[in-house]
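Accompanying notes for the structure given below.
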Amino acid sequence: MNTVLYVRVSKTDQDPEYQQKELERYAKYHAYDVIDVYKDEISGAKDSRPELDRLMRDARLRRFKHVIFWKIDRLGRNAIHTQTVVNEWEKIGISFTITTLDIDTSTPAGKFIFGIFAQFAEMERALIKERTQTKINYIKDEIARKGKYRTKDGRVITKLGRPKGAKDKKPRKRKGYFK
């Protein structure tokens, strides 16, 4: 069966090779014929990703019958988007496997379990955002109260935001940047 692999990491300093090697090992063990690998280095919260977009174009052209990816959150952190992708694959006749969960959507039970895990992935993303915002608010409060915030490694922060880059002509006006 013509199979493709989808690999995604959130940041460019992360190494996608580990995922790819694991997927290749899985595909070889299960005798899948891997014809392409799609690798994104971008947040799973984004609905549009270069390699996912290419994968979806190739799916519509029916260039493969099966997709293998490592974890459900590698496909996406938004349950609605993830379900939309999966629904489109189902209409086209493409099945998929999530190796770490051993979910195969060619079965009704696999489809049901997949839906549950998609909801967990979205909840996990929301919790990460909540914790991050809580820490940012705490640092802002410390800076407002004391004029600075000292990190665990001893660095002193006096303001939050993106530092002005060499090509910037004026301070940024968007939320979260210079005011």
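The values are calculated or read from the model by the stated rules, or taken from the named source; none is laboratory data. Worth saying up front: this structure is predicted, and the values here are computed from it rather than measured. Ideal geometry is used to build each Cβ from the backbone, glycine not excepted, and the neighbour counts take in all protein chains shown.
Remarks
- Filter pass, V37 being within 24 Å of K111 (Cβ to Cβ) and either modelled with pLDDT of 90 or more or not in a loop (DSSP other than H, G, I, E, B) (or both): no
- Selected residue [in a helix (DSSP H, G or I), surrounded by fewer than 19 Cβ atoms within 10 Å (Cβ to Cβ) and either modelled with pLDDT under 90 or touching a Leu at 6+ places or on another chain (Cβ under 9 Å) (or both)] from E88, E130, E124: E124
- Filter result (closer than 24 Å to E124 by Cβ and of a type in the set (G, A, S)) within the stretch 1-56: S10, S43, G44, A45, S48
- Take the conditions (1) farther than 30 Å from K129 by Cα; (2) outside any helix (DSSP H, G or I); (3) among the hydrophobic types (A, V, I, L, M, F, W, C); A59 misses just one of them, which is (2).
- Of all the residues in the stretch 29-50, those that are surrounded by fewer than 19 Cβ atoms within 10 Å (Cβ to Cβ) and either more than 12 Å from the chain's Cα centre (by Cα) or without any contact (Cβ under 8 Å) to a residue 12 or more places away in the chain (or both) number 11.
- Residues (surrounded by 14 or more Cβ atoms within 10 Å (Cβ to Cβ) and either more than 18 Å from H81 (Cβ to Cβ) or without any contact (Cβ under 8 Å) to a residue 12 or more places away in the chain (or both)) located in the stretch 10-28: P16, Q19, Q20, E22, L23, E24, Y26, A27
- Per the listing D102, D73, the residue uniquely modelled with pLDDT under 90, surrounded by 19 or more Cβ atoms within 10 Å (Cβ to Cβ) and either closer than 20 Å to D58 by Cα or of a type outside the set (S, T, N, Q) (or both) is D73.
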